[in-house]
Amino acid sequence: MKCLLVEDDQALARELSQALCDGDWLVEHAESGQKADFLVRTETYDTLILDVGLPDGDGTRWLASWRDDGIDLPVLILTARERWADKAAGFTAGADDYVTKPFESAEVLFRLRALVRRSHGHAHPVLKVGELSLDTHTQHVTLAGRPVGLTAQETRLLGYLMHAAPRVVSRSELAEHVYDRDQEPDSNVIDVQISRLRRKLGAWRFATLRGQGYRLLADEPDGQ
Ligand code: CA
């Protein structure tokens, strides 16, 4: 999953980026509203952390303009402003969650995972697709109750497919959500990682729909 962190305090941005990376998130950082505005309109993210006191305007104003333009990614406001009126302004602008500084990084992570789950229509913290399960907090994957050893990248890929299931996910959508922009995965890289997942978890689970992408199946198709 990919997060855009909009924060002009460099030390805080570094600390939070590290915590997010440790939690297996891909993070991009914008230190101004303008840069964030450019990125949310040109790139794809699963969630956005928004500071309010930005050098080029109030974060809630940027947020309101994104919402007006139909940009619907989950947004968590992270700010020192703890007055009720500020919180009301944040939610009114279109925030999904609001955390005040100082904060626990772990709490921000819990909240982000819940936001992403909800955006895909899941309430339970453990996602299940057939016998496959993923604990969204620990990133622990099991198959029929047994732990499965996956790399961080494989877990990200599987996690995205599990969040999306049973929807078909195109290669370009996977590339946007599961890989760093500078990694620039070609479809071959994704195919290779899908075949590794097939080997570890069962080939039939990862259905390829020619020209459309991948779908994670809960049940083995008949006749196989
Ligand atoms: Ca600030």
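The values are calculated or read from the model by the stated rules, or taken from the named source; none is laboratory data. Since this is a predicted model, take the numbers as computed values, not measurements. As a convention, Cβ positions derive from the backbone with ideal geometry for all residues, glycine included, and neighbour counts pool all protein chains shown. Ligands, DNA and RNA are excluded from the accessible area calculation, which covers all protein heavy atoms including side chains. Shrake-Rupley method; radii C 1.70, N 1.55, O 1.52, S 1.80 Å.
Going residue by residue through segment 126-138, is there one that turns out to be under 16 Å from residue 25 (Cβ atoms), in contact with an Asp or Glu (Cβ under 8 Å, 6 or more places away or on another chain) and either outside any strand (DSSP E or B) or not assigned by TED's automatic domain parsing to the domain that holds residue 178 (or both)? Don't jump to the end; show me each part of the working.
Taking segment 126-138 as the starting set, the residues that turn out to be under 16 Å from residue 25 (Cβ atoms) are 134-138.
From what is left, the residues that are in contact with an Asp or Glu (Cβ under 8 Å, 6 or more places away or on another chain) are none.
No - not one qualifying residue is present in segment 126-138.
Of everything in segment 75-103 that's away from the ligand (no atom under 15 Å from the Cβ), assigned to a helix (DSSP H, G or I) and in contact with a strand residue (DSSP E or B) (Cβ under 7 Å, 6 or more places away or on another chain), which residue is least open to solvent (accessible area, probe 1.4 Å)?
This residue is 87.
Quick check on my filter: what residues within segment 1-51 are over 18 Å from residue 106 (Cβ atoms), among the acidic types (Asp, Glu) and not in a helix (DSSP H, G or I)?
If the condition is that a residue be over 18 Å from residue 106 (Cβ atoms), among the acidic types (Asp, Glu) and not in a helix (DSSP H, G or I), then 8, 9, 28, 31, 43, 46, 51 are the ones that fit.
For residue 222, work out the one condition from (1) surrounded by 12 or more Cβ atoms within 10 Å (Cβ to Cβ); (2) not assigned by TED's automatic domain parsing to the domain that holds residue 148 it doesn't fulfil.
Checking residue 222 against (1) surrounded by 12 or more Cβ atoms within 10 Å (Cβ to Cβ); (2) not assigned by TED's automatic domain parsing to the domain that holds residue 148, the one that fails is (1).
Please count how many residues of segment 16-31 are among the polar types (S, T, N, Q) and within 14 Å of the chain's Cα centre (by Cα). Before you say what the answer is, go through the steps one by one.
Our first condition is that a residue be among the polar types (S, T, N, Q); within segment 16-31, this holds for 17-18.
Keeping just the survivors that are within 14 Å of the chain's Cα centre (by Cα) gives 17.
Final tally of qualifying residues: 1.
Mind counting the residues in segment 141-157 that are of a type outside the set (Asp, Glu) and in contact with a helix residue (DSSP H, G or I) (Cβ under 9 Å, 6 or more places away or on another chain)?
Residues in segment 141-157 being of a type outside the set (Asp, Glu) and in contact with a helix residue (DSSP H, G or I) (Cβ under 9 Å, 6 or more places away or on another chain): 9 in total.
Is there a residue being over 15 Å from the mean Cα position of the chain (by Cα), over 22 Å from residue 28 (Cβ atoms) and free of Cβ contacts under 8 Å to residues at least 60 places away in the same chain anywhere in segment 153-163?
No, there is no match, as no residue in segment 153-163 is over 15 Å from the mean Cα position of the chain (by Cα), over 22 Å from residue 28 (Cβ atoms) and free of Cβ contacts under 8 Å to residues at least 60 places away in the same chain.
Could you please give the count of residues in segment 181-199 that are in contact with a strand residue (DSSP E or B) (Cβ under 8 Å, 6 or more places away or on another chain) and open to solvent by 50 Å² or more (accessible area, probe 1.4 Å)?
Within segment 181-199, residues that are in contact with a strand residue (DSSP E or B) (Cβ under 8 Å, 6 or more places away or on another chain) and open to solvent by 50 Å² or more (accessible area, probe 1.4 Å) number 2.
Take residue 68 and decide whether it is within 14 Å of the ligand (Cβ to nearest atom) and open to solvent by 10 Å² or more (accessible area, probe 1.4 Å).
For residue 68, the condition - within 14 Å of the ligand (Cβ to nearest atom) and open to solvent by 10 Å² or more (accessible area, probe 1.4 Å) - is not met.
Tell me, which residue of segment 32-65 that is away from the ligand (no atom under 14 Å from the Cβ) and touching a residue at least 40 places away in the same chain (Cβ under 8 Å) is farthest from the chain's Cα centre (by Cα)?
43
Please determine whether any residue of segment 1-13 is of a type in the set (S, T, N, Q), open to solvent by less than 30 Å² (accessible area, probe 1.4 Å) and within 15 Å of the ligand (Cβ to nearest atom).
Taking every residue of segment 1-13 in turn, none turns out to be of a type in the set (S, T, N, Q), open to solvent by less than 30 Å² (accessible area, probe 1.4 Å) and within 15 Å of the ligand (Cβ to nearest atom).
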